[in-house]
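A short write-up of the structure that comes next.
The values are calculated or read from the model by the stated rules, or taken from the named source; none is laboratory data. Source: prediction; values computed, not measured. Cβ placement follows ideal geometry from the backbone for every residue including glycine, while neighbour counts extend to all protein chains displayed.
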Amino acid sequence: MLPSVLSALRGLKFIDASNNEIDAMDTLDLPALAELNLAKNRLKTAPDVMGLRCLAKLTLSDNQLRSLPGSIGAAPSLRTLILDRNQLTSLPDFGGSCKLEVRAHARPGSLGAGG
């Protein structure tokens, strides 16, 4: 888990917490955060990003995600969602008006993998 002291850094714009064996996330209250990299951890559920008003890029590659909450596409500024090499079997409907670029290269036996 990321240290709760991070919420005191209200002007923080970028967090790279990749490769840290994180298996769960508390809700972050970081209004200026624009990019969050949580790749190569042990997350089984996606973090709640609804309160991150400025978050434009979220990287969740190489985790253990099996599904995503539909609300992730409603994050107000999110434009890039990277989900490569997870265990996703489907993606939520992000809505027709969504301007979200989703990248999800699959592991064998998961979303979009042949076989």
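Structural remarks
- Matching residues in segment 1-36 - criterion: being within 16 Å of the chain's Cα centre (by Cα) and not in a loop (DSSP other than H, G, I, E, B): Phe14, Ile15, Asp16, Glu35, Leu36
- In segment 64-115, the residues that are assigned to a loop (DSSP other than H, G, I, E, B), touching an Asp or Glu at 6+ places or on another chain (Cβ under 9 Å), modelled with pLDDT of 90 or more and crowded, with 17+ Cβ neighbours inside 10 Å: Arg85, Asn86
- Checking each residue in segment 54-63 for being assigned to a loop (DSSP other than H, G, I, E, B) and either surrounded by 18 or more Cβ atoms within 10 Å (Cβ to Cβ) or modelled with pLDDT under 85 (or both) picks out Leu55, Leu60, Ser61, Asp62, Asn63.
- Qualifying residue in segment 25-32 (condition: in contact (Cβ under 8 Å) with a residue 24 or more places away in the chain, within 20 Å of Glu101 (Cα to Cα) and hydroxyl-bearing (Ser, Thr, Tyr)): no
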